[in-house]
Structures are given as C-alpha cells and as structure tokens.
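Working notes for the structure below.
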Amino acid sequence: MPKENIFQKIKKGLSVVAQVIITAPIKLPSKIVQGAQYLALLLGLLDSISDEEEQEEEAEEEAQK
C-alpha cells in the first residue's frame, strides 16, 4: 500500500469533519450544515477525479508492458 501524501490526509480529515457535522444529533445552524454538505460533495468529486486519473495511469502502464 502506497504511503499517503499530505493531500490525501487532508481530504480524509475534511471528509470525517463533514460527516460528523451532517450526522450530528444536535441542531446546528443551517449554514454550517449546508457548508458541510457542499464540502462532502466537493470531496466526493475530488475522489472520483483522482480515481479516474489513477485508472488511466494504470492502463498506460499495462499498455507499455
């Protein structure tokens, strides 16, 4: 398993924070919850983009073999 870089650690931490805010059992201000929802959406998009890039790199490596 490759070592996580700082970007991946930040993404993971922000994802946890967003999940905690969204699922909090207490009533939070709506702007905070909306911000957490947008953050979760953004992180999901970043994950899908990075997954696609990794798959393309793997396909290129296999094609070179």
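No lab work stands behind these numbers, since they all come straight from the coordinates. What you see is a predicted model, and the numbers here were worked out from it, not measured in a lab. Every residue, glycine as well, gets a Cβ built from its backbone with ideal geometry; the counts of neighbours run over all protein chains shown.
Numerical summary
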| item | result |
| --- | --- |
| Complete set of residues in the stretch 31-63 that are aliphatic (A, V, I, L, M) and either more than 15 Å from the chain's Cα centre (by Cα) or not in a helix (DSSP H, G or I) (or both) | Ile32, Val33, Ala59, Ala63 |
| Whichever residue in the stretch 1-34 is small (Gly, Ala, Ser) and in contact (Cβ under 8 Å) with a residue 12 or more places away in the chain and, among such residues, is surrounded by the fewest Cβ atoms within 10 Å (Cβ to Cβ) | Ser15 |
